[in-house]
Amino acid sequence: MDTANNICQRHFATLMMLAFLVDQVQEHVCVLFRAARNMFYSRKALWEEMRGLFRGFFIKCWEDFWLGIIFEWGGGELRPDDTS
């Protein structure tokens with residue numbers, strides 16, 4: 001019989017695999033993602049840049065998000081997040 005912990009672990013693993021799949025599809029399909037990825041020496045550096053944008057800016061759409069990374073925050077319509 002499954003315990004609640006085992007059920008949660010299975011769902012978490014499924015969500016992680018789904019997130020990985022979405023990331024892989026995006027990497028192969030999205031031109032803006034590929035352009036942003038090519039600007040960094042590693043995926044970790046790209047993720048750090050992405051995290052910085054999410055923390056500091058209000059992002060209206062994904063296109064603005066990727067353009068903000070590609071053009072170093074000058075390409076998209078990013079506004080500082082003033083909800084603090």
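Worth pointing out:
- Ranked LEU18, LEU46, criterion: other C-beta atoms within 10 Å, fewest first: LEU18, LEU46
- Distance in nm between pseudo-label sites at LEU15 and GLU48 (7 Å out along the Cβ direction from Cα): 2.7 nm
- Kirkwood Rh, angstrom, region 4-80 [1 / mean 1/r, Cα pairs]: 13.8 Å
- With all pairs of separate Cα atoms included, region 1-43 yields a Kirkwood hydrodynamic radius of 12.4 Å.
- With contacts taken as Cα pairs under 8 Å at a separation of at least 6 residues, region 4-80 carries a relative contact order of 22 percent.
- This ranking places TRP66, TRP73, TRP47 by how few other beta-carbon atoms lie within 10 Å of each, fewest first, which gives TRP47, TRP73, TRP66.
- Positive-end residue, region 4-80 charge dipole about Cα centroid, Cβ charges, pick of VAL29, PHE54, ALA13: ALA13
Laboratory data are not the source of any read-out in this text; all were calculated from the coordinates shown. Treat the numbers as computed from the prediction; the structure is a model and nothing was measured. Glycine also receives a Cβ, built like all others from the backbone with ideal geometry; neighbour counts cover every protein chain displayed.
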